[in-house]
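**Student:** Please read through the structure below; I'll follow up with questions.
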Amino acid sequence: MAVQGLAAVRGNFCTVQGEGAASIMVNIVIALMLAVVAAAQPTTTMRSIELLSTPYMARARSWRFIGGLATTLGVVGLGAAIAVRSLIQGISVPNDAVDTSDVVLGAIALVGVVVAVVLHMGNRPTDWLDSDRSDIAFFLFGMRTMAINISSIALYVAAVNELFTSGGSWITIEILLIVITVMILLPGVLPLLIESLSPATADHTIGRLRRVCETNGPALAMSAWAIAGAALVVRGLLG
């Protein structure tokens, strides 16, 4: 009897462990999917390509621009992820099944799509590449470029939030946090990487990348943001 009881307890424990591991994996997969969608930033890629096409200190300017992107993502993105989680935990909602963080972040992502449409229809700035601009100007422009990617930041925060609530070990979360952050910064770094790693074919590859960013890229990115934002809202409402 005692042996059978211990076997039953062990079986139940292994089942719980298996369910816990599966739940962690689901959260990690969702976080990576959100990061992939958030990384769709054709405007950021175009700005980086424009920088590389300038004859004066192109690479130095590019790294300052990327530094600005990373600063905004770190300060706004990670800061918002921590703040949202702390704030949401202190908010009581009428229906306990509602995940307020998903609803809020999904709604922000949808608002970001509207902002992106308006900005895409407007005139692009052309004077930011002037050679007489100071070094800090390109850093600040990188910060601005990431800041107006409202949908990307909201989805990045949702991805980080998914990691924080996954139940995984801190080492796993920290590694995945680095991976996700690099993914979000990749659109701005990609043209510079192409030029550095494959200079012989860089012009052709970057030219094709530019055409994608100028034609179908914005529409595809905004559609992906809208779908991800709506999915977050629906998931949050359904609990």
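The values are calculated or read from the model by the stated rules, or taken from the named source; none is laboratory data. The structure presented is a predicted model; accordingly, all values stated were derived computationally and were not measured. Note: ideal-geometry Cβ built from the backbone for every residue, glycine included; neighbour counts use all protein chains shown.
To keep it simple, each residue is scored yes or no on (1) surrounded by 16 or more Cβ atoms within 10 Å (Cβ to Cβ); (2) modelled with pLDDT of 85 or more; (3) within 23 Å of ARG211 (Cα to Cα).
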position	(1), (2), (3)
ALA35	yes, yes, no
PRO42	yes, yes, yes
ILE49	yes, yes, yes
ARG59	no, no, yes
SER62	yes, yes, yes
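**Student:** Which count do you get for residues in the stretch 213-225 that are touching a residue at least 12 places away in the same chain (Cβ under 8 Å) and surrounded by fewer than 18 Cβ atoms within 10 Å (Cβ to Cβ)?
**Tutor:** Qualifying residue count for the region: 2.
**Student:** Further question: Does THR71 satisfy the criteria of being surrounded by 22 or more Cβ atoms within 10 Å (Cβ to Cβ), outside any loop (DSSP other than H, G, I, E, B), modelled with pLDDT of 90 or more and β-branched (Val, Ile, Thr)?
**Tutor:** No; evaluated as a whole, the condition is false for this residue.
**Student:** Shifting gears a bit: Looking only at the stretch 130-171, filter to residues that are under 10 Å from the mean Cα position of the chain (by Cα) and of a type in the set (S, T, N, Q); which one of those is farthest from GLY229 (Cα to Cα)?
**Tutor:** The qualifying residue farthest from GLY229 (Cα to Cα) is ASN149.
A quick yes/no check of all residues on (1) polar (S, T, N, Q); (2) surrounded by 13 or more Cβ atoms within 10 Å (Cβ to Cβ); (3) at pLDDT below 90:
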position: ASN161; (1), (2), (3): yes, yes, yes
position: PHE164; (1), (2), (3): no, yes, yes
position: SER169; (1), (2), (3): yes, no, yes
position: THR181; (1), (2), (3): yes, yes, no
position: PRO187; (1), (2), (3): no, yes, no
position: LEU197; (1), (2), (3): no, no, yes
position: ARG211; (1), (2), (3): no, no, no
